Amino acid sequence: MKRTILISGGNRGIGKSIAIKALKDGHRISLGVRNPSHLYGSILDPEVSGVERILLNKYEANDELSATNWIKNSINRFGNFDTLVNCAGIFNNVGLNFNNEERKDIDKLIQVNLMGPWLLTRLAWSELAKHGQGRIIVLVSMSGKRSKSNLAGYTVSKFALMGLCETMRNEGWSSGIRVTAICPSWVNTDMAANINMVSKQSMTQPEDIGSVCSKLLELPNSCIPFELKLNCNLEI
């Protein structure tokens, strides 16, 4: 079954790889990205792959109006959609004993990593529920399953996002909406550029997650995993 998929945060890294794989699989793609111009001339440019298959829309995860406009534009272009992939997120290393200046960094983590997916899912919900086989995929992180190092702010935002995913699953079940929370460890993206404990070659690659999402979209309602932990190193 070919789908119409909304993907947030598809400028680069994981979101971009998911979008490219989905496009190659024959799905229609609506990308909500901060800088649509960064994709001009690529396979994700409507001028390259066709306006009937791709929509590029400016989207800021901390701006509800941009989310509203993206949803409307997607329906105007494609008529409907049945899948939402929440990839947009940010990272910082605010610890438990943060200083006064870092309080705003914690607020931004919560606003983008939690409230961004929450607001976008809320706006997309009625359209997903119409389909009977709606899909929501959320890039959570292993930081939503366990706490390591001193990344208090990031970890809290991801634990909260995991709780949101569980509620999405519960509330969408009777309408045929199925939710998968993908929880990778280190992924070879800009976010992991300064990580040395795992080589870039040994990290999960963005294309790997694109392949995982591709397989998820082939599965029936009766066989959708809720949670996928992806390890590139030993987690204890």
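The numbers here are math on the coordinates, done by the rules we state, and not lab data. Since the model is a prediction, treat every value here as computed from it, not as a measurement. Reconstructed Cβ throughout: ideal geometry from the backbone, glycine too, with neighbour counts over all protein chains shown.
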May I ask for the angle, rounded to the nearest 10°, between helix 152-172 and the longest principal axis of the chain, with both axes built from Cα atoms and the value confined to 0 to 90°? 40 degrees
Sparse-neighbourhood loop sites, trypsin sites (Lys or Arg not before Pro) in region 120-184 - DSSP loop, at most 11 other Cβ within 10 angstrom: K148
Go ahead and estimate [θ] at 222 nm for the chain from helices alone: -39,500 (n - 2.57) per DSSP H run with n ≥ 4, summed, over the residue count, rounded to 500. -11500 deg cm²/dmol
Quick one: angle between helix 116-131 and the longest Cα principal axis of the chain, in degrees between 0 and 90, rounded to 10, please. 30 degrees
Kirkwood hydrodynamic radius over Cα pairs of the chain, then Stokes diffusion coefficient at 25 °C and 0.890 mPa s, in µm²/s: 137 µm²/s
Cβ neighbours within 10 Å, averaged per peptide: list 16-25, 74-83 in order, most packed at the top. 16-25, 74-83
Plugging the Cβ-Cβ distance of I75 and E166 into 1/(1 + (r/R0)^6) at R0 = 35 Å yields, to the nearest 0.05, a FRET efficiency of 0.80
Estimated FRET transfer efficiency (K2, N194; beta-carbon r; R0 41 Å; 0.05): 0.55
Share of antiparallel DSSP beta bridges in the chain, in percent to the nearest 5? 0 percent
How much length, in nm to one decimal, is gained on full extension between K148 and D25, taken as 0.36 nm per residue of separation minus their Cα-Cα distance? 40.6 nm
Angle, helix 13-24 long axis vs. longest principal axis of the chain, Cα atoms, 0 to 90°, nearest 10? 20 degrees
Nearest 0.05, what FRET efficiency do W173 and S49 give at R0 = 35 Å with Cβ-Cβ as r? 0.55
State, to one decimal in nm, how far the label point of S222 lies from the label point of S202, with both points 7 Å from Cα in the Cβ direction. 4.2 nm
